[in-house]
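Below is one structure, written out as structure tokens, with a few remarks after it.
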Amino acid sequence: MKLFSELISTIEITNKTNAKIDALVQYFKTAPDKDKLWLIALFTGKRPSRPVKTTLMKEWCMELTQLPEWLFLESYSTVGDLGETLALLLPEPTHQLDLSLNEWMTELKALKPKSDEDKKAFVLEAWTGLDQQERLIFNKLIGGSFRIGVSKKTLVNALAKLTNIDANQLMHSIIGNWDINSISFEELIHGKHINYDNSKPYPFCLAYALEKKLTELGETNDWIVEQKWDGIRGQIVKRNNEIYIWSRGEELVTKQFPELVEAFSNFKDDFVIDGEILAMKNNDVLLFNDLQKRLNRKNVTKKLLEEVPVGFKAYDILEFNGDDIREQPFENRRKRLETLFNSVALPEHVKLSFIVDFKRWEDLHDIRNNSRAINSEGLMLKQKKSPYHTGRKKGDWWKWKVDPLTIDAVMIYAQKGSGRRSSKYTDYTFAVKKDDALVTVAKAYSGLTDKEITEISQWVNKNAIERFGPVRTVKPELVFEIAFEGIALSNRHKSGVALRFPRIARWRRDKPASEIDTIETVKQLITAP
Amino acid sequence: MSKENQLIKFTKKGIYCPQGKFYLDPWFPVEYAIISHGHADHARWGMKRYLCTDDSKAILQHRLGTDINIKSISYNNSKTINGVKVSFHPAGHVIGSAQIRLEYKGYVVVFSGDYKTQPDFITQPFEPVKCHTFITESTFGLPIYKWKSEKALQDELQSWVKTNQENNRTSVFFGYSLGKAQRLMSLLDGCDDIYVHRAIHNLNNTISGSGIQLPETKLWSADLDKKTIQNKIIIAPPALLGSRMLKRVPNVATAVCSGWMQIRGNRRWQSVDAGFVVSDHADWDGLISAVKATGAEQVYVTHGSQAVFSKYLNEIGIKADELVTEYGDEALAKAEKETENIVTE
Ligand SMILES: [Zn+2]
Ligand SMILES: [Zn+2]
């Protein structure tokens, strides 16, 4: 496991994607075949199920180290990661085990059905035979998530650099159905098990934020305006009776959205369609927060499908029955898309993105401002004659987002971050005034600079009035401007409101806590839909 | 009133000895301050009189001004102040660092200052001192903190430098000017030419001037030719992280050296190429063995993990209480930068 352990160390320390890619390429050049396959499996979530429960591992560690539970938990809250906490607390190794990644994974797979005693014997033998870093990896292999800053895309880019094979094809290959015991590394990356001709996507056409006056865009007649939706941009590829869904992150997400696959199999024609994957219920678009519940799931359960149904709004068509039509003007492609959508009966969650009806540029201001009521992010302006560009191109497509809403709130709780930021207080809870008391309105963990976070962490250390596990209750003194995309009444929240995408706009060092907003003023921001 | 209460009192200005009429590492200006070591959170400006170890004297003068009223004594020698016998004992933390022992009518209090129980190649090693009351630091007071041996650390750092050289990269280590810098010099000595930032260079000159031998180093200045420092070793204060001066180093590989690097999250937080666990404080086992070796009947815990460490001591049968002070890593980081007047351009 030495090679793998070194790879993880290198990947972890660097925040440069290129350095990560180089380390991966180096690993792929030197590691044994089966280890390479395991690496791909582990980094793409094809992990075997956990053979040992975390509670048992914690128990065995406390037994070995003779530490009281509170001290174990205190350590855990400082480290922020269980596998790492165990690795740090365990005593020095007494012997040296040198197994390959494949050998460890094979052993772990075989461990699953065994008794707790057998499991304990195995885990203790491993713990006492591995150094700190290898032990950490061993604990992660058992089942903790392998979140170390390598996305599928980074992995694919490394493989592409190594082999010169097209990145999208590699993405399809590693995500496709394959079994570690019946494929070689060469076969896997050359896509022996897939048919890439059927799944191949196009690069997405992206828009810039509007940077001029509407009137400078020329005639309103030359433009088509749509609502901008905030879900996941996706391409539906249907060829030879197979359907693939690609996300803008160039990941193949077909399996995550079975209801879309089902809906698109209604079509007779082949096509590639660009659009937005959204959480939708009864025709209404839900929040991105809802959609998030559906993302990166190993299994999409029936319950989840009912709780958060997913829909699609089609923007554009790039290929029709085998013909690449990206060079045709947008207005023609749109007509093609409309004809296609009228050719079959579709379930109500799959529809065309509707076109905004307007006469004069100034009409758009109101429409944009009302976007929030339908959970839209604003407007998209597309030049009628525009081709479907490759990537970001200025001039033909513009996005015109609504301004965020803001309130001033005071910090009342702080919690340490996990992973990269585990030593700093990075997650905060904010409150506004309600009569004489404070009421929680939002949690936010982004929007500050590293320097500000360091300063706030020091302040939290000095001003914590209560500790509860990793959470510190702090004196309500620091005031922040919180920006958010939307606000709705909610009976699940104590404050009675739910903010959408709250984030820290800035630290209001100039404002005392006595000047924060009240819950009444916050509620006034709600516009009835 | 217990004997200990006659000897030490915890006040707003710091730890006070009413009988001796002096303070230990006070954080506000007082008449008479006894200083454990030269770090900026312990040795502060504005005291009318200072007393420290012989090895710390020049350091304090360098940092606080040559015009300060300062006297010193050597390790293990004593001086009686208003009837209180005061002596310094090696703390193994940084050059000149000491535990301060107070004795009055047979009652002994030891203030640890900052300490490290594991020996290194450059600092006078820690010596346990028997006492009734022990005031201990607890910077790394959690069982997740365990340090490697000095030899293992040396191998780790030197092999990193070698790998960098094979890849044509210049190795830059970050550590405080006082303590970490000299420790790194001793760990990297003989590896290749070592260049140090001006703040470290000046401090080194002060230390050598008081008769302590240091490994050989050269001054790293902005006008040095890139070719000269290519593939060499540079040691700089943490304030230089991300500075313009650093950008002038050809093909740089950066490493932060600190006990906090024990946790992965902290290593990644720093945006550097490597994080080495090099601490000048005691690890968990070191803290416990030090406390036990004093045989103290009462322990006070300062610095960082006081809540956890004092709770644990009480559980293993050692009476301990938390003590809130103005010492610690964050105060140090801030104060060091001001003391050194470091220019990062
Ligand atoms: Zn110190
Ligand atoms: Zn200190």
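Report which residues of segment A:8-55 become buried by 40 Å² or more of accessible surface when going from the isolated chain to the complete set of protein chains (1.4 Å probe; DNA, RNA and ligands ignored).
Residues shielded by partner chains are A:E12, A:I13.
Remind me, relative contact order of chain A in percent, using alpha carbon pairs under 8 angstrom and six or more residues apart?
Values: 890 pairs, mean separation 63.7, N = 529.
Computed over chain A, the figure is 12 percent.
Ignoring GluC sites (Glu not before Pro) that are buried or in helix or strand per DSSP, and keeping those with at most 12 other beta carbon atoms within 10 Å, what is the longest stretch of chain A between them? Each step should come with its number before you reach the end.
Values: sites that count: A:E211, A:E219, A:E327, A:E348, A:E362, A:E477.
Free of exposed loop sites, the longest segment is A:1-210.
Would you be so kind as to identify which of A:I11, A:P48, A:H95 lies farthest towards the positive end of the dipole of chain A, taking Lys and Arg as +1 and Asp and Glu as -1 on Cβ and the Cα centre as origin?
Result: A:I11.
Nearest 500 deg cm²/dmol is fine: what mean residue ellipticity at 222 nm does chain B get from its DSSP H runs of n ≥ 4 alone, each adding -39,500 (n - 2.57), divided by its residue count?
Values: 11 runs with 101 residues, N = 345.
Per the formula, -8500 deg cm²/dmol.
For a quick check of your reading of the filter: which trypsin sites (Lys or Arg not before Pro) in segment A:430-506 sit in a DSSP loop and have no more than 15 other Cβ atoms within 10 Å? All intermediate terms of the calculation are to be shown ahead of the outcome.
Numbers: sites: A:K433, A:K434, A:K443, A:K451, A:K462, A:R467, A:R472, A:R492, A:K494, A:R500, A:R503, A:R506; in loops: A:R492, A:K494.
Within segment A:430-506, the qualifying trypsin sites (Lys or Arg not before Pro) (loop, at most 15 other Cβ atoms within 10 Å) are A:R492, A:K494.
Report the calculated FRET efficiency for B:Q213 and B:D193 (r = Cβ-Cβ distance, R0 = 22 Å), to the nearest 0.05. Present the calculation step by step, with values, prior to reporting the outcome.
On the way: r = 18 Å, r/R0 = 0.83.
The pair B:Q213/B:D193 has a calculated efficiency of 0.75.
With each pseudo-label sitting 7 Å past Cα toward Cβ, what's the B:K13-A:H193 distance in nm, one decimal?
7.5
Quick one: check the C-alpha center-to-center distance for segment A:447-508 versus segment A:113-141, whole angstrom.
Cα centroid of segment A:447-508 versus Cα centroid of segment A:113-141: 39 Å apart.
Please state the equivalent ellipsoid semi-axes for segment A:238-340: what are the square roots of 5 times the Cα gyration tensor eigenvalues, largest first, in whole Å? Don't jump to the answer; show the numbers that get you there.
On the way: eigenvalues 134, 44, 31 Å².
They are 26, 15, 12 Å, listed from largest to smallest.
Per residue of A:74-80, how many C-beta atoms from partner chains lie within 10 Å of its own C-beta, taken as a mean? Walk me through the intermediate numbers first.
Values: counts 9, 6, 1, 1, 8, 7, 3.
Mean number of neighbouring Cβ atoms from other chains: 5.
Take B:E216, B:E297 and sort them by solvent-accessible surface of the protein heavy atoms, 1.4 Å probe, largest at the top.
Working: B:E216 150, B:E297 110 Å².
I get B:E216, B:E297, largest accessible area first.
Might you tell me the accessible area per residue for segment B:150-276, computed with a 1.4 Å probe and given in Å²? Kindly include the intermediate steps, with their values, before the conclusion.
Numbers: 4850 Å² over 127 residues.
Roughly 38 Å² per residue, with all protein chains present.
Do any trypsin sites (Lys or Arg not before Pro) in segment A:220-274 lie in a DSSP loop with no more than 12 other beta carbon atoms within 10 Å, and if so, which? Numbers along the way, then the final one.
Values: sites: A:K228, A:R233, A:K238, A:R239, A:R248, A:K255, A:K268; in loops: A:R248, A:K268.
Passing both the DSSP loop test and the Cβ count: A:K268.
Within segment A:296-416, what percent of beta bridges assigned by DSSP are antiparallel, to the nearest 5? Please list the in-between numbers first.
Numbers: 7 of 10 bridges.
For segment A:296-416, the DSSP antiparallel bridge percentage is about 70.
Over segment B:150-276, what is the mean sequence separation of C-alpha contacts under 8 Å (at least six apart), divided by residue count, expressed as relative contact order in percent? Intermediate results must be reported in sequence, preceding the final value.
On the way: 194 pairs, mean separation 42.3, N = 127.
Here the relative contact order equals 33 percent.
To the nearest 0.05, how large is the calculated FRET efficiency for B:S74 and B:N314 if R₀ is 35 Å and r is the Cβ-Cβ distance?
Details: r = 36 Å, r/R0 = 1.04.
The value I calculate is 0.45.
Using unit Cβ charges (K, R positive; D, E negative) and no other charged atoms, how large, in debye to the nearest 20, is the dipole of the protein assembly as shown about its Cα centre? Can you show the working numbers first?
On the way: 120 positive and 112 negative charges, 174 e Å.
Dipole size: approximately 840 debye.
Students sometimes get this wrong: rank A:V402, B:V324 by accessible area, probe 1.4 Å, all chains present, largest first.
Values: A:V402 15, B:V324 120 Å².
So, going from the largest accessible area down, we get B:V324, A:V402.
Would you list A:D396, A:D357 from the most to the least accessible area, probe 1.4 Å? Walk me through the intermediate numbers first.
Values: A:D396 40, A:D357 130 Å².
Putting A:D396, A:D357 in descending order of accessible area: A:D357, A:D396.
Report, in listed order, any pair from A:K228/A:K351; A:K161/A:K200; B:K116/B:K232; A:K114/A:K302 with a Cα-Cα distance greater than 23 Å. Don't jump to the answer; show the numbers that get you there.
Details: A:K228/A:K351 14 Å; A:K161/A:K200 19 Å; B:K116/B:K232 29 Å; A:K114/A:K302 31 Å.
As for pairs spanning more than 23 Å Cα to Cα, those are B:K116/B:K232; A:K114/A:K302.
Rounded to the nearest 10 Å², what accessible area does A:D324 have for a 1.4 Å probe in the complete protein model?
80
Which of the trypsin sites (Lys or Arg not before Pro) found in segment B:99-144 are loop residues per DSSP with 14 or fewer other Cβ atoms within 10 Å of their Cβ?
Values: sites: B:R101, B:K105, B:K116, B:K130; in loops: B:K105, B:K116, B:K130.
Counting only loop positions with at most 14 other Cβ atoms within 10 Å, the trypsin sites (Lys or Arg not before Pro) in segment B:99-144 are B:K105, B:K130.
For a 21 Å ceiling on Cα separation, which of these pairs sit above it: A:K335/A:K385; A:K152/A:K255; A:K238/A:K303? Before the final figure, lay out the partial values.
Details: A:K335/A:K385 13 Å; A:K152/A:K255 15 Å; A:K238/A:K303 27 Å.
Where the Cα-Cα span goes over 21 Å, the pairs concerned are A:K238/A:K303.
Give me the percent of accessible area attributable to carbon and sulfur for segment B:133-235, probe 1.4 angstrom.
On the way: 1690 of 3880 Å².
Of all accessible area on segment B:133-235, carbon and sulfur atoms account for 44 percent.
With no solvent and one point on each alpha carbon, what is the Debye value of log10 I(q)/I(0) for segment B:150-276 at q = 0.09, 0.15, 0.18 Å⁻¹?
Relative scattering, expressed as log10 I(q)/I(0), comes to -0.23, -0.65, -0.96.
Provide the three semi-axes, in whole Å and in decreasing order, of the ellipsoid equivalent to chain B as defined by the square roots of 5 times the Cα gyration tensor eigenvalues.
After diagonalising the Cα gyration tensor, the semi-axes are 36, 22, 16 Å.
Using the Cα centre of the protein assembly as shown as origin and beta-carbon charges of +1 (Lys, Arg) and -1 (Asp, Glu), tell me which of A:A483, B:A33, A:P512 is placed farthest towards the positive end of the dipole.
A:P512
Would you mind telling me the share, in percent, of accessible area of segment A:360-407 contributed by carbon and sulfur at probe 1.4 angstrom? Walk me through the numbers before you get to the answer.
Numbers: 1020 of 2290 Å².
Its accessible area is 44 percent carbon and sulfur atoms.
Starting from the 7 Å offset along Cα-to-Cβ, what nm value, one decimal, do you get for the label separation of B:V324 and A:E59?
Modelled inter-label distance: 4.0 nm.
Taking the Cα centre as origin and putting +1 on Lys and Arg beta-carbons and -1 on Asp and Glu beta-carbons, what dipole magnitude results for segment A:48-102, to the nearest 20 debye?
On the way: 3 positive and 8 negative charges, 47 e Å.
The calculation lands at about 220 debye.
With the alpha-carbon atoms as the only input, what is the per residue convex hull volume for the protein assembly as shown in Å³? Don't skip to the answer; put the middle values down first.
Values: hull volume 175.3 nm³, N = 874.
Per residue, the Cα convex hull of the protein assembly as shown comes to 201 Å³.
Please name which of B:P250, B:M185, B:Q230 has its Cα lying farthest along the dipole of segment B:150-276 towards the positive end, using unit charges on Cβ (Lys, Arg +1; Asp, Glu -1) and the Cα centre as origin.
Farthest towards the positive pole: B:P250.
The values are calculated or read from the model by the stated rules, or taken from the named source; none is laboratory data. Please read all numbers here as calculations on a predicted model, not as lab measurements. A quick note on method: Cβ atoms are made from the backbone with ideal geometry, for glycine too, and the neighbour counts reach across all protein chains shown. These area figures cover heavy atoms from the full protein model, side chains too; ligands, DNA and RNA do not enter into them. Shrake-Rupley method; radii C 1.70, N 1.55, O 1.52, S 1.80 Å.
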